[in-house]
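A.B. asks: Here it is, the structure in full.
The values are calculated or read from the model by the stated rules, or taken from the named source; none is laboratory data. No experiment lies behind these values; they were computed from the predicted model shown. Neighbour counts run over all protein chains shown; Cβ positions are idealised from the backbone, glycine included.
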There are 2 protein chains.
Amino acid sequence: MTDINFSKSSVASDSQEAASPAPRTGEFRWDIIELLFFAYRDFVGDADHELEAFGFGRAHHRVMHFVYRYPGLKVADLLDVLRITKQSLGRVLKQLLDEGYIIQKTGNNDRRQRLLYATPKGEALVAKLAGLQTDRITRALRDINPEGVAAISEFLRAMIDRDDPDKVLEAIFGIGSKKPRE
Amino acid sequence: MTDINFSKSSVASDSQEAASPAPRTGEFRWDIIELLFFAYRDFVGDADHELEAFGFGRAHHRVMHFVYRYPGLKVADLLDVLRITKQSLGRVLKQLLDEGYIIQKTGNNDRRQRLLYATPKGEALVAKLAGLQTDRITRALRDINPEGVAAISEFLRAMIDRDDPDKVLEAIFGIGSKKPRE
DNA sequence: CAAGATATGTCAACATGACTGACATAAATT
DNA sequence: AATTTATGTCAGTCATGTTGACATATCTTG
């Protein structure tokens with residue numbers, strides 16, 4: 001933990017001491033921790049830039065994304081997926097409804113439920129943002145073979161908590177199969 | 001883009017309509033997009049919980065992390081890495097200084113610079129949080145062979161913007177030759 | 001040396017997106 | 001009929017980001 005290879009880098013020259021500090025090393029997965037930070041930062045950055053033109057933020061993107069992807073999602077499902085309070089969701093959802101990106105339909109069985117659907121306008125927004133992110137992903141996967149791609153998918157799945165999965169995670173992981181073994 | 005399988009999912013059944021909406025498919029990498037969302041959510045969630053006990057937030061974690069990992073980082077470097085304004089950084093940095101998690105040293109060459117270092121107290125915090133995240137990563141990588149791990153690392157690197165890299169990214173990617181170990 | 005540029009810090013105002021708590025309404029369940 | 005559930009809303013707070021203006025110390029340059 002106090003394994004500082006700092007002196008190693010500062011002996012390089014006086015004028016360099018603050019220019020290129022050498023990273024510490026040790027028993028942690030600093031590599032993956034930092035790669036995840038930067039990769040996610042740039043990944044969501046793609047969408048952030050576009051969203052400004054619509055006057056929306058990340059919160060709107062997340063709502064639009066899941067409503068588009070899982071048509072007929074209930075408000076309660078969305079709360080589970082996003083892990084925010086209904087008051088927080090209410091604000092952005094109201095905007096998206098008012099501006100015609102999402103429509104609500106009353107549930108057929110349970111008329112208390114409000115099932116959410118993306119309008120064509122909403123679909124266009126989601127598609128635009130997903131296109132940017134897909135471009136980045138496709139670029140990143142370009143030189144990776146199928147086994148590598150499978151490993152990436154397996155890794156990301158294994159990073160996700162499987163206890164108490166919400167509706168969307170159930171869909172992603174497949175309902176019933178609790179173990180990704182074969 | 002208007003490839004909607006909307007009607008298909010909503011006619012599934014009356015009793016199931018809101019329970020398990022079927023995801024749309026298409027030309028996008030929805031799989032990776034959503035896996036990244038959930039994986040990152042749970043990855044940062046590990047630290048979030050611990051941080052509450054310290055009265056800190058994610059912003060404090062990010063600052064502590066990079067100061068610990070790259071001892072002697074300048075304030076300006078930190079601004080580049082975190083991509084926030086000095087006013088935003090100032091607030092959390094002041095707290096971390098006041099509470100003894102970070103110390104500043106005046107630069108030897110340029111006495112205007114404030115070089116940042118983690119105190120033992122700061123190191124302990126970073127190690128605790130990195131430990132949680134490392135546990136998750138180690139668990140996720142457990143059943144993946146070395147080629148797969150290499151593919152994961154390659155993928156995450158390729159997801160990061162390489163134009164205008166900051167000091168930390170230079171260290172991660174190596175300025176021509178240097179590779180960070182482990 | 002004087003003048004300007006740079007690194008940092010600070011004050012004030014504001015925006016977004018979280019939060020808690022309280023309460024309202026309609027519809028389903030018991 | 002009473003209670004629970006799904007949703008919506010009002011009001012206040014907090015964390016963390018923003019812009020703009022300005023101060024101070026120090027380095028660089030004419």
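A.B. asks: Among the residues of region A:69-84, write down those that are buried (at least 17 other Cβ atoms within 10 Å of the Cβ), at the interface with another protein chain (Cβ under 10 Å from one of its Cβ atoms) and under 15 Å from the mean Cα position of the chain (by Cα).
C.D. replies: A:R69, A:V81, A:L82
A.B. asks: Looking at this structure, is B:R139 away from DNA strand C (no atom under 16 Å from the Cβ), surrounded by fewer than 15 Cβ atoms within 10 Å (Cβ to Cβ) and among the basic types (K, R)?
C.D. replies: yes
A.B. asks: Ok, one more. Across region A:105-132, which residue is farthest from DNA strand D (Cβ to nearest atom) among those that are basic (K, R) and farther than 30 Å from B:I160 by Cβ?
C.D. replies: Only one residue fits best here, namely A:K121.
A.B. asks: A further question on this structure: Residues in region B:82-91: is at least one in contact (Cβ under 8 Å) with a residue 24 or more places away in the chain and more than 12 Å from DNA strand D (Cβ to nearest atom)?
C.D. replies: no
A.B. asks: Give the number of residues within region A:59-68 that are crowded, with 22+ Cβ neighbours inside 10 Å and within 13 Å of DNA strand D (Cβ to nearest atom).
C.D. replies: 2
A.B. asks: When you look at B:A151, is it without any contact (Cβ under 8 Å) to a residue 60 or more places away in the chain, within 14 Å of A:L35 (Cβ to Cβ), surrounded by 17 or more Cβ atoms within 10 Å (Cβ to Cβ) and over 16 Å from the mean Cα position of the chain (by Cα), yes or no?
C.D. replies: yes
A.B. asks: Now, a different point. Regarding region B:161-177, can at least one residue be identified that is modelled with pLDDT of 95 or more, surrounded by 14 or more Cβ atoms within 10 Å (Cβ to Cβ) and among the charged types (D, E, K, R)?
C.D. replies: No.
A.B. asks: Examine region A:53-60 for a residue that is within 11 Å of chain B (Cβ to nearest Cβ) and either over 21 Å from B:A39 (Cα atoms) or more than 12 Å from DNA strand C (Cβ to nearest atom) (or both), and state whether such a residue exists.
C.D. replies: Within region A:53-60 (the criterion being within 11 Å of chain B (Cβ to nearest Cβ) and either over 21 Å from B:A39 (Cα atoms) or more than 12 Å from DNA strand C (Cβ to nearest atom) (or both)), the answer is no, since none of the residues qualifies.
A.B. asks: Which numbered condition trips up B:F56, out of (1) of a type in the set (F, W, Y); (2) part of a helix (DSSP H, G or I); (3) within 13 Å of DNA strand D (Cβ to nearest atom)?
C.D. replies: (2)
A.B. asks: Being of a type in the set (D, E) and at the interface with chain B (Cβ under 7 Å from one of its Cβ atoms) is the filter here, so list the residues in region A:124-159 that pass it.
C.D. replies: The answer is A:E147, A:E154.
A.B. asks: Quick check on region B:66-113: of everything there that is among the polar types (S, T, N, Q) and within 7 Å of DNA strand C (Cβ to nearest atom), which residue is nearest to B:L125 (Cα to Cα)?
C.D. replies: B:Q104
A.B. asks: On to the next question. Search region A:38-51 for residues that are over 18 Å from A:V63 (Cβ atoms) and pair each with any residue that is among the β-branched types (V, I, T) when their beta-carbon atoms are under 6 Å apart and the residues are at least 6 apart or on different chains.
C.D. replies: Between residues of region A:38-51 that are over 18 Å from A:V63 (Cβ atoms) and residues that are among the β-branched types (V, I, T), the close pairs are A:F38/B:I160; A:A39/B:I160; A:D42/B:I160.
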